[in-house]
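Accompanying notes for the structure given below.
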Amino acid sequence: METLHNDEDAAPVGVQEAAVSTGSLPAPADVQGLLAATHERYQQDRRGAVADYIPALAAADPDLFGLSLAAVDGAVHSVGDATVEFSIQSISKAFLFALVDSELGHETVRQAVGVNNTGLPFDSVMAIELNAGRPMNAMVNAGAIATTGLVPGSTGDERWVFILDGLSAFAGRDLHVDAEVYRSETASNGRNRSIAGLLRSYGSLAADPHETVDLYTRQCSVKVTAEDLAVMGATLAHGGVNPRTGQRVVEPSVCRDTLAALAASGLYERSGDWLYEIGMPGKSGVSGGLVTISPGKGALGSFSPPLDPAGNSVRGQRAAHYLSSALGLNLFASRPLASGDASSG
Ligand code: GLN
């Protein structure tokens, strides 16, 4: 497939020049209008393929396309299939990392899991071998399994409650497992079981491999909507306080750690391209979800099942690219002070 990123996805030059990453989001009516225009712009893009290595995901409707933006003030703007539920898959990795970082701290998760990109696909076994048995980062399967192995609790049930309650706190509502996806993935996750066994043999997995893969599989099967992803991301954009419920879920330092880990590895081996085009931390999942976080402003959640070869939603990436420039979200965008703005100090 040809590259997804092209000039068509950038907002018009006049809009881009105005759009630096300081200040706040445009007025709510403008945000809603831009979301609707973005949805219309990419609805007809039929490139990419729905994931089929987990049998239950193969049945996804490729036409579904939802976009939602949650602002840190609690406003939520949505368009299209933004309230259709799907399994969160790899996007859970971002929030699990935050929950475990919150329990164990900045340095412990760095030592135990790591924060560098593997440069290899999300389910790579080779990455473990090439790095002396280290899982490398929490956004690929090996690192996510290692992170799940650090979840506190004296029984599997206690650890599951920690995970589900934590993900629900990020979403601001009670989330539930998609039983069919869980069954289907359990019956087909030999690769993840191998990864867990290999990590354990290197001393890189702190808990029982069988139980840990089961918890990881359940966590990937939790149902969310594009709107939930937007709120979950906006919680990370808002210093750890859920803008929908007002609940503090994690500390601001945990948000910083998580967003840094996402910037490095949230789109697997495509994370550099993603950062180059979109300029924000994001996390994708194989069921077609994508969350893109704008610190201090809010987050975009999207759902569209067809994926690029790395496993990232095609429409989701294009929508994030367009909205990054149209809404002024790219963290690397700046402009020189106008004359007279500079302080004399
Ligand atoms: N549950 C999926 C897996 O382990 C998640 C992968 C993903 O979304 N990239 O393979």
Residue 36 fails exactly one of (1) surrounded by fewer than 16 Cβ atoms within 10 Å (Cβ to Cβ); (2) closer than 14 Å to residue 314 by Cα, namely (2)
Pairs, first of a type in the set (Phe, Trp, Tyr) in segment 91-113, second crowded, with 24+ Cβ neighbours inside 10 Å and not in a helix (DSSP H, G or I), C-beta under 6 Å, six or more apart | 97/138
Could you list, in sequence order, the residues of segment 296-318 that are assigned to a strand (DSSP E or B), within 13 Å of the ligand (Cβ to nearest atom) and not hydrophobic (A, V, I, L, M, F, W, C)?
-> 313
Those residues of segment 53-84 that are within 16 Å of the ligand (Cβ to nearest atom) and touching a residue at least 24 places away in the same chain (Cβ under 8 Å) come to a total of 6
Among the residues of segment 57-101, which ones are crowded, with 21+ Cβ neighbours inside 10 Å, farther than 30 Å from residue 44 by Cβ and out of contact with any Cys (no Cβ under 9 Å at 6 or more places or on another chain)?
-> 95, 96, 97, 99, 100, 101
Kindly indicate the residue of segment 283-295 that is of a type outside the set (Gly, Ala, Ser) and more than 14 Å from the ligand (Cβ to nearest atom) and also nearest to residue 73 (Cα to Cα) among those meeting that condition.
-> 295
Extreme residue, nearest to the ligand (Cβ to nearest atom), among residues of segment 161-208 that are surrounded by 16 or more Cβ atoms within 10 Å (Cβ to Cβ) and free of Cβ contacts under 8 Å to residues at least 24 places away in the same chain = 193
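Suppose we filter segment 145-155 for residues that are touching a Ser or Thr at 6+ places or on another chain (Cβ under 7 Å) and part of a helix (DSSP H, G or I); how many remain?
Summing the residues that are touching a Ser or Thr at 6+ places or on another chain (Cβ under 7 Å) and part of a helix (DSSP H, G or I) in segment 145-155 gives 3.
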Restricting the search to segment 187-214, which residues are part of a helix (DSSP H, G or I) and over 22 Å from residue 131 (Cα atoms)?
-> 210, 211, 214
Matching residues, segment 227-241, being out of contact with any strand residue (DSSP E or B) (no Cβ under 6 Å at 6 or more places or on another chain) and crowded, with 23+ Cβ neighbours inside 10 Å | 228, 232, 235, 238
Here the qualifying pairs (Cβ atoms under 8 Å; residues six or more apart or on different chains; first in segment 286-298 and more than 9 Å from residue 234 (Cβ to Cβ); second of a type in the set (Lys, Arg)) come out as 290/283; 291/283
Condition test on residue 146, is it free of Cβ contacts under 8 Å to residues at least 40 places away in the same chain, crowded, with 23+ Cβ neighbours inside 10 Å and farther than 24 Å from residue 56 by Cβ?
-> no
Name, by its number, the condition in (1) hydroxyl-bearing (Ser, Thr, Tyr); (2) touching a Phe, Trp or Tyr at 6+ places or on another chain (Cβ under 6 Å); (3) modelled with pLDDT of 95 or more that does not hold for residue 313.
-> (2)
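For segment 215-234, what are the residues that are away from the ligand (no atom under 11 Å from the Cβ) and assigned to a helix (DSSP H, G or I)? Break it down into steps so the answer makes sense when it comes.
Just the residues of segment 215-234 that are away from the ligand (no atom under 11 Å from the Cβ), to begin with: 215, 223-234.
215, 226, 227, 228, 229, 230, 231, 232, 233, 234, listed by residue number.
The values are calculated or read from the model by the stated rules, or taken from the named source; none is laboratory data. Just so we're clear, the structure is a prediction, and the values are computed from it rather than from any experiment. Methodologically, a virtual Cβ is constructed for each residue, glycine included, from the backbone with ideal geometry; neighbour enumeration extends over all protein chains shown.
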